[in-house]
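The structure under discussion appears below in the form of structure tokens.
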Amino acid sequence: MSNLSDMHIHIDYFENYKQMYNSFEENNIYALFVTNLPEIYQKCLNEFPINKYVKLGLGYNPQLVADYPLNKKLFDSLVITTKYVGEVGLDYSKEFVHMKKEQINAFDYICYQSAKLNKIMSIHSRKAEDDVLKMLKMHDIEHAIFHWYSGDIEEVRKIAERGYYFSVNYSMLNSKRGFEIIKSLPLDRLLIETDAPFGKTNLNGVSYNLPEIYNQFSKKLNINSFHDVVYENLSSLLFKQGGI
């Protein structure tokens, strides 16, 4: 495994998605390719070849609940094909809170199935951090990564105490609030994501410049060999879950 990793990226949203997919293996970069629906995961599973470095996550984005009810039968048939479940979670922001009940029902089912099979979950928790954490505790989820966390800093301690991780990105690093959150995170719970193509990745004229993103984190956090820190954190997570 490379010392660089991107633990939340939507490869299927890129125009050159096949080239992007292949680039991770070419550059020895470990990536979590998250999906937004079981139907999309199934399509990607069939379309993309097995890749040593890119791992496909079975997702159900809470923002899509109104238009796409969770296909439980399909989810169950697919969850055995991956070690990752993501992007999943809850979103109580103004645009989506009206579907709160439906989101909770879907996420409850996903957590139940994920716990049984010891999956690593990449979780969306916008304005719903407390309910997400309660759900994870209720189902005794062992392995979770809070993607692009934007909640209260006070909640960070509770999440970290459960042994969960946080994947942070360059867009967070360059916002006042995001940087405050990043600085509050335990260093041994820190992972890197881009959420590309939604998060900023174009640095120094390179459209997807992950090495420079790591370099910027190293400078702003004043941590030498920052990539080694992230590598050790990811290695620890994978070891606890049962290997790469």
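The values are calculated or read from the model by the stated rules, or taken from the named source; none is laboratory data. Bear in mind that the values here come from a model prediction, so they are computed numbers and not experimental data. Don't worry about glycine lacking a Cβ; one is built from the backbone with ideal geometry, like all the others, and counts go over all protein chains shown.
Listing for the model above:
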| quantity | calculated |
| --- | --- |
| Sole exception among (1) surrounded by 15 or more Cβ atoms within 10 Å (Cβ to Cβ); (2) closer than 30 Å to Leu203 by Cα for Ile153, by number | (1) |
| From Phe166, Phe146, Phe179, residue being among the aromatic types (Phe, Trp, Tyr), surrounded by fewer than 22 Cβ atoms within 10 Å (Cβ to Cβ) and either part of a helix (DSSP H, G or I) or in contact with a helix residue (DSSP H, G or I) (Cβ under 8 Å, 6 or more places away or on another chain) (or both) | Phe179 |
| Every residue from the range 214-244 that is under 23 Å from Tyr164 (Cα atoms) and either of a type in the set (A, V, I, L, M) or touching a Leu at 6+ places or on another chain (Cβ under 7 Å) (or both) | Tyr214, Phe217, Leu221, Ile223, His227, Val229, Val230, Asn233, Leu234, Leu237, Leu238, Ile244 |
| Options Ser184, Ser225; residue that is surrounded by fewer than 22 Cβ atoms within 10 Å (Cβ to Cβ), modelled with pLDDT under 95 and small (Gly, Ala, Ser) | Ser225 |
| Leading residue by the ranking (surrounded by the most Cβ atoms within 10 Å (Cβ to Cβ)) among those in the range 187-200 that are out of contact with any strand residue (DSSP E or B) (no Cβ under 9 Å at 6 or more places or on another chain) and within 28 Å of Tyr17 (Cα to Cα) | Lys200 |
| Looking only at the range 115-139, and only at residues there that are touching a helix residue (DSSP H, G or I) at 6+ places or on another chain (Cβ under 7 Å), of a type outside the set (D, E, K, R) and assigned to a helix (DSSP H, G or I), the one that is farthest from Arg157 (Cα to Cα) | Met135 |
| Filtered residues of the range 199-244 (kept if among the aromatic types (Phe, Trp, Tyr) and either in contact with a Pro (Cβ under 6 Å, 6 or more places away or on another chain) or without any contact (Cβ under 8 Å) to a residue 60 or more places away in the chain (or both)) | Phe217, Phe226, Phe239 |
| Complete set of residues in the range 32-87 that are among the hydroxyl-bearing types (Ser, Thr, Tyr) and surrounded by 15 or more Cβ atoms within 10 Å (Cβ to Cβ) | Thr35, Tyr41, Tyr53, Tyr60, Tyr68, Thr82, Tyr84 |
| The lone exception for His98 - which of (1) over 17 Å from the mean Cα position of the chain (by Cα); (2) surrounded by fewer than 20 Cβ atoms within 10 Å (Cβ to Cβ); (3) farther than 28 Å from Arg177 by Cα; (4) not acidic (Asp, Glu) it fails | (3) |
| Selection from the range 196-213 of residues that are assigned to a helix (DSSP H, G or I) and within 20 Å of Val34 (Cβ to Cβ) | Leu210, Ile213 |
| Candidate set from the range 232-242 (those that are modelled with pLDDT of 95 or more and touching a strand residue (DSSP E or B) at 6+ places or on another chain (Cβ under 7 Å)); member that is nearest to Leu190 (Cα to Cα) | Asn233 |
| Candidate set from the range 118-143 (those that are closer than 18 Å to Pro62 by Cβ and of a type in the set (Lys, Arg)); member that is surrounded by the most Cβ atoms within 10 Å (Cβ to Cβ) | Lys119 |
